[in-house]
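The values are calculated or read from the model by the stated rules, or taken from the named source; none is laboratory data. Everything numeric in this text was worked out from a predicted model, so none of it was measured. Positions of Cβ are backbone-derived with ideal geometry, glycine not excepted, and every protein chain shown enters the neighbour counts.
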Amino acid sequence: MIANPVKRYFWLVDTIYRHAPISFKEIAERWEQSALYDKKKLAIRTFHNHREVVEELFHIRIACDERTNKYYIAEEGELAKNGLSSWLLNAFSISNLLAESQSLGSRVQVEEIPSAQHCLTELLAAMRENRRIKVTYQPFVAEAPFELVLQPLFVKLYDRRWYLYANKPSDEKIKLYALDRISAVVELEDKFEFPENFAPEEYTRNAFGVAIYDEVPPCTVRIRARAGLAAYLRTLPLHHSQREVETTNRYADFEYFVAPTQEFYLRLMSYGWQIEVLSPEKVRASIHWKLMQAAVIYDKELRNEDDDK
């Protein structure tokens, strides 16, 4: 098996997704023509192992039609409605297409994701068997790395970084760890019980980005976006809870049910004058204060420039 089996899972799902119904013989032939081919033929045992891993990790079932002995993605229509599964199918397809399009060189440009993918592979393996891990972690605020024993619950990709949500054997509180701050992962023999009735998608539902704070509860935030930005937000919503509640020729008002964390404020501020927070007053006042602080910095620069003239 090649060093990064995740790419093989991507390839397998995408191949069946695009060419179904497809026989194992056809899959094996396409494997030998893929950019991942490592001069080793695809064995039927390896194929079935990959099917099991894809279903366990990504909840995408590769089914077989016993009448024709051909494979397809089960419940494909339902997967398209599920945000995570739909994203995974697209990610698998894009990953495979990029691998097969290397001859195009600089004509295909993508954002670099600096998170350590070798850590992701090992984390997925540990998550599959609910095994504890020992990680060497170097946060930005610490001078030296330290070791932690964690129970990996789930991972999330956001803003070009992979994050791990995990708790400790002696502490049920879930904490966040950036994969690019993890330098080593060791899978331990000890297993843990995945929390009963715990649903990662529900845990992060009201979050913006990745950070979740008990002291920052979600609330309904209403913003006003200028016409140009409004069109952009309609096609690429800020958050899954986005609702357009008022529309005019000059602007549109949107509402979100979200925890107003630092990540949320930074995103709103990135739109500058094109956006205005209408309510609640606490969020509006916080945005106003942050913008005023930014203005102070620029005012100082302008004053210094005037002094130099």
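Conditions: (1) free of Cβ contacts under 8 Å to residues at least 40 places away in the same chain; (2) surrounded by fewer than 15 Cβ atoms within 10 Å (Cβ to Cβ); (3) farther than 30 Å from residue 264 by Cα. Residue 172 meets all but one. Number of the miss?
(3)
Test residue 263 against the criterion of being under 30 Å from residue 151 (Cβ atoms) and within 20 Å of the chain's Cα centre (by Cα), and give yes or no.
yes
Taking the range 139-159 as the region of interest, how many residues are within 22 Å of residue 202 (Cα to Cα) and in a loop (DSSP other than H, G, I, E, B)?
Selection size over the range 139-159: 1.
If you go through the range 14-52, how many residues are more than 19 Å from residue 66 (Cα to Cα) and among the β-branched types (Val, Ile, Thr)?
Qualifying residue count for the region: 2.
Scanning the range 160-169 for residues that are under 18 Å from the mean Cα position of the chain (by Cα) and part of a strand (DSSP E or B), which turns out nearest to residue 188 (Cα to Cα)?
166
Got at least one residue in the range 20-35 being within 29 Å of residue 163 (Cα to Cα) and at pLDDT 90 or above?
Within the range 20-35 (the criterion being within 29 Å of residue 163 (Cα to Cα) and at pLDDT 90 or above), the answer is no, since none of the residues qualifies.
Looking at 183, 270 in this structure, which one is of a type in the set (S, T, N, Q) and touching a Ser or Thr at 6+ places or on another chain (Cβ under 9 Å)?
183
If I ask for residues that are of a type in the set (Val, Ile, Thr), surrounded by fewer than 16 Cβ atoms within 10 Å (Cβ to Cβ) and in contact (Cβ under 8 Å) with a residue 40 or more places away in the chain, which ones from the range 122-163 would you list?
Correct list: 136 only.
Across the range 32-74, what is the number of residues that are within 27 Å of the chain's Cα centre (by Cα), outside any loop (DSSP other than H, G, I, E, B) and farther than 25 Å from residue 127 by Cα?
Qualifying residue count for the region: 1.
Taking the range 189-220 as the region of interest, how many residues are surrounded by fewer than 17 Cβ atoms within 10 Å (Cβ to Cβ), touching a helix residue (DSSP H, G or I) at 6+ places or on another chain (Cβ under 8 Å) and modelled with pLDDT of 90 or more?
The number of residues fulfilling the criteria is 2.
Within the range 249-265, work out how many residues are surrounded by fewer than 16 Cβ atoms within 10 Å (Cβ to Cβ), closer than 17 Å to residue 239 by Cβ and touching a helix residue (DSSP H, G or I) at 6+ places or on another chain (Cβ under 9 Å).
Number of matching residues: 0.
Quick one: is residue 172 part of a strand (DSSP E or B) and of a type in the set (Asp, Glu)?
yes
Of the numbered conditions (1) among the polar types (S, T, N, Q); (2) at pLDDT 85 or above; (3) in a helix (DSSP H, G or I), residue 136 fails exactly one; give the number of that condition.
It is condition (3) that residue 136 fails.
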